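J.: One structure, pasted below without further comment.
Please treat every number below as a calculation from the coordinates, not as lab data. Remember, predicted model here, so these are calculated numbers, not experimental data. Glycine also receives a Cβ, built like all others from the backbone with ideal geometry; neighbour counts cover every protein chain displayed.
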Amino acid sequence: MDHTTIFLLGVYLVPLAFLSLMRAWADSRPPAVALLLGAIAAGCIGYVAVAREEGIFRLREIPELTLELAARIVAIF
């Protein structure tokens, strides 16, 4: 996978981790899934920040990167 895909995976796992955390809090149970998702998201974003020569992507680049990824997926089919 390239840096764009890994970064977007991390970015889109953050809201899922937050929702899982809120659900665990509402149900009064341990937030194991939320912590796992958050750790994976942080790992993906951290990896891109370290491995990419230009550094981490900017937040304003996320919509464009998402469209590029969607276009690559559509081009496969």
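J.: Can you name the condition, by its number, that ILE62 falls short on among (1) surrounded by 14 or more Cβ atoms within 10 Å (Cβ to Cβ); (2) at positive phi?
T.: For ILE62, the exception is condition (2).
J.: Pairs only if they're at least six apart or on different chains, beta carbon under 8 angstrom, first in the stretch 60-76 and within 19 Å of LEU13 (Cβ to Cβ), second in a helix (DSSP H, G or I) and of a type in the set (A, V, I, L, M, F, W, C); list them, first residue then second.
T.: Once the first residue is within 19 Å of LEU13 (Cβ to Cβ) and sits in the stretch 60-76, its partners that are in a helix (DSSP H, G or I) and of a type in the set (A, V, I, L, M, F, W, C) give ILE62/LEU8; ILE62/VAL11; LEU65/PHE7; LEU65/LEU8; THR66/LEU8; LEU69/LEU8.
J.: Then there's this: Is there any pair linking a residue in the stretch 15-26 that is under 9 Å from LEU37 (Cβ atoms) and free of Cβ contacts under 8 Å to residues at least 24 places away in the same chain to one that is outside any helix (DSSP H, G or I) and not acidic (Asp, Glu), with Cβ under 7 Å and at least six apart or on different chains, and which?
T.: Going by the 7 Å Cβ cut-off, the qualifying pairs are SER20/PRO31; LEU21/PRO31.
J.: Name the pairs: first residue in the stretch 40-58 and without any contact (Cβ under 8 Å) to a residue 12 or more places away in the chain, second residue part of a helix (DSSP H, G or I) and among the hydrophobic types (A, V, I, L, M, F, W, C), Cβ to Cβ under 7 Å, at least 6 apart or on different chains?
T.: The qualifying pairs are GLY55/ALA49.
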